[in-house]
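Nothing in this text is a laboratory measurement; each read-out follows from the coordinates by a stated rule. Every value quoted in this text rests on a predicted model; they were computed, and no experiment measured them. Counting neighbours? That spans all protein chains shown, and the Cβs are built from the backbone with ideal geometry, glycine included.
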Amino acid sequence: MEQDFFQNHNILAFYPEYSDGIGEITRVLVSQGEDLIIPVTSRSFKANLCKFYSIDYESSRKKFGKIIGSVNCVPLPINSNKIFLQLKMRIPEFKSDGAMGYIDLNCIKGQIKKDIKTTVIVLKDGRQVRVLYSMSTINKHMKNARLILEFYKKERGYITYPETLEKLYSSYDKPATKADIAILAREIATLKNSLKVF
């Protein structure tokens, strides 16, 4: 598939489905327009996504799996603002069928319990995605995703300016500590690097 697909679309979720006469396809939920049906397996779609963002999926899975203490259903961080939860979307009909789908943590609005093993995830735009996990299991995966995203941001030196400034200035009447100065120095260095022209 064309690599500019990922540049042109903000992907909220993607997961495997069956199509008569084709077999496994991938349904892609994007922020603008209708759902997209891509005639590739969800594994291939994920591989193309990782290729576009220069992500070594296996290394990412092992690295972040250690943080959450599991190598299964490890969230996939894309950047400092996007991380996909890996969730079971269907029961495979054949051995090689894909069962797992991916949903961007930041586009989740809420959940609706269907039964003990099925939950509907409601996205912020109102669309719904059926997941074969209980609400408690989904909440665990969401917690893991937040933990990994926080680690990802710290590892790469990403700190959101509003949060940092709020921490610095919430006690503006007190003397600056070494930690305050270190945070400020790091922010300035990050800003300088982002302004460099190559």
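Quick notes on this structure:
- Restriction of the chymotrypsin sites (Phe, Trp or Tyr not before Pro) in the stretch 14-73 to DSSP coil positions whose beta-carbon has at most 16 other beta-carbons within 10 angstrom yields Tyr53.
- Counted by Cβ distance under 9 Å from Tyr15, the other residues give a net charge of +1, where Lys and Arg count +1 and Asp and Glu count -1.
- When the C-alpha to C-alpha distance is required to be over 25 Å, the pairs from Lys62/Lys124; Lys66/Lys88; Lys51/Lys117; Lys66/Lys153 that qualify are Lys62/Lys124; Lys51/Lys117.
- For Ser60, Ser96, Ser19, Ser80, order by how many other beta-carbon atoms lie within 10 Å, fewest first: Ser96, Ser19, Ser80, Ser60
- The stretch 1-100 shape via C-alpha gyration tensor axes, a/c threshold 1.5: oblate
- His9, His141 arranged by Cβ crowding within 10 Å, fewest neighbours leading: His9, His141
- Between Lys66 and Lys117, the distance separating the two model label sites (each 7 Å from Cα on the Cα→Cβ line) works out to 3.4 nm.
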